[in-house]
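Here's the structure we're looking at; comments come further down.
The values are calculated or read from the model by the stated rules, or taken from the named source; none is laboratory data. No experiment lies behind these values; they were computed from the predicted model shown. Heavy atoms of the whole protein, side chains included, go into the accessibility calculation; ligands, DNA and RNA do not. Shrake-Rupley method; radii C 1.70, N 1.55, O 1.52, S 1.80 Å.
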Amino acid sequence: RGYLIAAPSVFRSGVEEAISVTIFNSAKETTVQIQLVVKGETVSRSHGTVLDKGTIKLKVPSGLRGQAHLKVWGNRHLAEEGHIFHNYTTVTIDSKGSSVFIQTDKPVYKPKQKVLINLFMVTSDLRPVNDRVKKSLFFHTVFSFTLVACILF
């Protein structure tokens, strides 16, 4: 008998996260409950039934950042066996965030060559960002190479 819970160590605020549950040598379904607790207050909860393997989705509320406890426990009908496991771990909650990909027209440049760049901004699930973006480009010369830094708001 045993169990394995696999969850991200970093959760994204406003995103539905997946927690994988495996219960070894289980002959019956187990009800698995999950809570996300911040400063002693439950901010999100979910549950599902698992026979051998399963995935339970947990919606992380928007606006959260910092540390939280992810609590997971499984039980069967109390008349039978009660709790079969109970555990928790600390996770980090980050803002949803975006990523910026910078593409250049060449892998290597010579001094004073023109640098052509494309910027792609995507969400954490790799979908294009459709919001209006303010672009600021800063150029800085280091050892006769020009570094380009891009700040997006």
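Note down the accessible area of Glu29, probe 1.4 Å, to the nearest 10 Å².
Answer for Glu29: close to 110 Å² accessible.
Restricting to Cα pairs below 8 Å that are 6+ residues apart, what does the relative contact order work out to for the range 3-94? Please round to a whole percent.
About 32 percent, as a whole number.
In sequence order, what are the phi-derived ³J(HN,Hα) couplings for the range 34-49 according to the Karplus relation 6.51 cos²θ - 1.76 cosθ + 1.60 with θ = phi - 60°, rounded to whole Hz, with x for glycine and proline?
For the range 34-49, the Karplus curve yields 10, 10, 10, 10, 10, 6, x, 10, 6, 9, 7, 8, 7, 7, x, 9 Hz.
State whether the range 3-94 is rounded, prolate or oblate according to the following rule on the C-alpha gyration tensor (a ≥ b ≥ c being the square roots of its eigenvalues): a/c under 1.5 gives rounded; otherwise a/b larger than b/c gives prolate, and the remaining case gives oblate. Present the calculation step by step, with values, prior to reporting the outcome.
Values: a/c = 2.42, a/b = 1.95, b/c = 1.24.
Prolate.
Accessible area per residue, 1.4 Å probe, Å², for the range 3-94: what's the number?
Accessible surface, normalised per residue, equals 58 Å².
At 1.4 Å probe size, with no ligands or nucleic acids counted, give the accessible surface of Lys57 in Å², nearest ten.
Lys57 exposes around 100 Å² with every protein chain in place.
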